[in-house]
Amino acid sequence: MNSTFRSLKIHNYRLWASGAIVSNVGTWMQRTAQDWLVLAQLTHRNATAVGVVMALQFGPQLLLMPLTGWAADTFDRRRLLMITQAAQGVLSLLLGLLTVLGHVQLWQVYVFAGLLGCVTAFDAPVRQTFVSELVGEDDLSNAVALNSTSFNAARMIGPAIAGLLIASVGTGWVFLINALSFVAVLISLARLRVGEFHHHQRSSKRNSGLLEGIRYVWSRPDLKVMLLMVFLIGTFGLNFPIFISTMAVSVFHMGAGQYGILSSGMAVGSVTGALLSARREKPRPALLVGGSALFGGGLTLAALMPNFWLFGLALIIVGVAAQTFNTTANSSIQLSTDPAMRGRVVAILMAVIMGGTPLGAPIVGWVADTLGPRWALGVGALSGLLAALVGLLYVIRSRHLRLSLEAGRLRLKAAGD
């Protein structure tokens, strides 16, 4: 059945999604407040400091990969999620209290970003693979897309609320509200009908190490190409906190409210891209190539925009492209992976997406500080175009196609034609 919302007819997924949307809104509120706290309150518009926070928050995805994939494939995913979600709530509570009481310093934000990164490193692969236990293989692609819709709808709502709260009561209260939002997802996890789970074969503890996952990926050219494309865009292209905050503050000279509007504007595109992905029965390679090319073109357009509102419109295009690419990559990798290996492969995917940030975010932040925010957007645009080229070359090679020039236009044809 080709229905955009078909996974919501499943009780367990519907319950999980209802808790997740509340938590996602809180998470995006915190991200917005954290970036603003560092950029506008603890430093004087220092984009490099924002990049360091991102590096500390996402770096553990790479460092802890040997443990996170193993945990996702070996232990009860529902119980692991309850632990990781509760831990994230506690960290948000502590950072919120420090900020509200006026004691927060930059080094403390760094510490909390690193701790949150460690918890998220375990949470991400478990959360991604847990969906297959709620809906089964036939609806997995749809459920992944709806998860992305929820995440990006929250991206649309959260920053706007955060901007208003920052301007009215301060950043600390945003962190405290986010801590409260984790209660919703904990309640939904506790109320799931465990007897209705779609259980898959689990790896034995002797054969569940990261090395097995790396060997599996290395034997699959399609997975290697997709992960390379994800690395390029994830490392240099998905640095939206730096792109948007520096453009808002340094180029357009706007405040916290307008920064939240820009983040929400891009989320409109992301929700659109996720809903379009949810309508598709299966992900297709052409969408990976097209999505990455549109991502590069959208960031190029954004870098050239002369004013605040046109920049916001360009971000909608970027949001559609980024979500089309991310959802297609996630669904393609999960559906083409042996269920017994899925946790480790998804851990590698998460490590590539978020683990590349410690490399890319400081570089992009330095470019923004040294050459200007528009040049930083150019770095992101180049990553999308290179990813599209990598994907296109793989499709041509794997399908034995060739490029030909006909009537002044490039066309793909079978090698024998």
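A few points about this structure:
- Helices assigned as whole DSSP H runs in the chain whose Cα atoms extend at least 24 Å along their own long axis and whose mean Kyte-Doolittle hydropathy is -1.0 or higher are found at 11-36, 77-100, 106-135, 140-168, 171-190, 256-279, 285-304, 308-335, 373-398.
- In the full protein context, the chain carries 41 Å² of accessible surface per residue, based on a 1.4 Å probe and ignoring ligands, DNA and RNA.
- When the chain is treated as a Gaussian network with alpha carbon springs shorter than 10 Å, the biggest mean-square fluctuation among 345, 271, 183 belongs to 183.
- Carbon and sulfur %, accessible surface of the chain computed with the full protein complex present, 1.4 Å: 68 percent
- Percent RCO, i.e. relative contact order, over the chain, from Cα pairs under 8 Å lying at least 6 residues apart: 28 percent
- Mean residue ellipticity (222 nm) of the chain, computed from DSSP H runs ≥ 4 via -39,500 (n - 2.57), nearest 500: -25500 deg cm²/dmol
- Heavy-atom accessible area ranking, 1.4 Å probe, most first, across 139, 123: 139, 123
The values are calculated or read from the model by the stated rules, or taken from the named source; none is laboratory data. In this text the structure is predicted, and so the values were computed from the model without any measurement. Note: areas computed on protein heavy atoms with side chains; ligands, DNA, RNA excluded. Shrake-Rupley method; radii C 1.70, N 1.55, O 1.52, S 1.80 Å.
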